[in-house]
Each structure stands twice: as structure tokens, then as C-alpha cells.
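The structure appears right after this line, and notes come after that.
The values are calculated or read from the model by the stated rules, or taken from the named source; none is laboratory data. Everything quoted here is computed from the prediction, not taken from an experiment. Quick reminder, even Gly has a Cβ in these numbers, built from the backbone with ideal geometry, and neighbours come from all protein chains shown. To get the accessible areas, we keep the full protein, side chains included, count just its heavy atoms, and leave off ligands, DNA and RNA. Shrake-Rupley method; radii C 1.70, N 1.55, O 1.52, S 1.80 Å.
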Amino acid sequence: MEAIVKTSKEVKTEQKINLIDGRFTASEAADIINSVLNVKINFHKLNRLSITEGNVTDNCEYDSGRIDELLREQITAKEFFAQARLEGKKLKMNSTIHISVED
């Protein structure tokens with residue numbers, strides 16, 4: 001005789017990921033933020049490449065604009081971390097990613 005096991009799985013519609021939470025030196029903080037920004041920049045570059053591969057007339061305005069925005073943020077962050085490093089300051093960083101299901 002086989003036993004039938006029923007499980008109920010709750011369907012999640014939201015997810016939170018505590019990505020960064022702590023105190024860091026300016027160098028550590030710079031490494032973390034630069035890594036995150038580089039991943040996002042590369043994501044958009046690859047997305048732009050995949051869009052233009054089939055359609056060379058597509059300007060990829062969103063991806064190009066987002067890449068430019070992230071590059072500007074990288075410069076701003078570099079200046080911020082350099083100042084904190086000069087002043088010998090520790091930095092507290094926290095970042096939570098909120099994900100929700102859309103219809």
C-alpha cells in the first residue's frame with residue numbers, strides 16, 4: 001500500500017534579499033560597490049548587444065542610457081570613497097533588494 005503525501009506550497013509574491021549590511025573601510029566599500037555596478041553595467045551591455053544583433057537599427061536607448069547612468073554613479077562613488085579614505089572614516093552600508101511578482 002502506497003502512502004500519499006500531500007504538501008501545500010505557499011506561493012510567494014514578494015522576496016527580500018539582504019545584500020549588504022555592515023561596516024566597511026572605504027576600500028572594502030569601494031570594492032563592493034564597484035563590483036555591483038560592474039555587474040549591472042555588463043548586464044546592460046550584453047542586453048544591448050543581444051538586441052542589436054538581430055536589429056542594427058535599434059538604438060537601445062534604455063540600455064545605453066542606463067549604462068551611462070551607472071558609469072556616472074561609479075565616478076560619484078569613487079570620489080565619495082576617496083574622500084572617506086582620506087579622512088580615515090569607516091562606512092556603514094546596507095542594501096536590501098525588494099522583488100515582487102507583477103502580472
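By the scheme Lys and Arg +1, Asp and Glu -1, what is the net charge of all other residues having a beta-carbon under 11 Å from that of Phe43?
Working: positive: Lys40, Lys45, Arg48, Arg66; negative: Asp63.
For residues surrounding Phe43, the net value is +3.
For Lys40, tell me the accessible area in Å² from a 1.4 Å probe, rounded to the nearest 10.
80 Å²
By the scheme Lys and Arg +1, Asp and Glu -1, what is the net charge of all other residues having a beta-carbon under 10 Å from that of Ser100?
0
Phe24's amide H: which non-local residues (gap 5+, or another chain) put their own amide H closer than 5 Å, with H modeled 1.01 Å from N in plane and none for Pro or chain starts?
HN-HN under 5 Å from Phe24: Leu91, Lys92, Met93.
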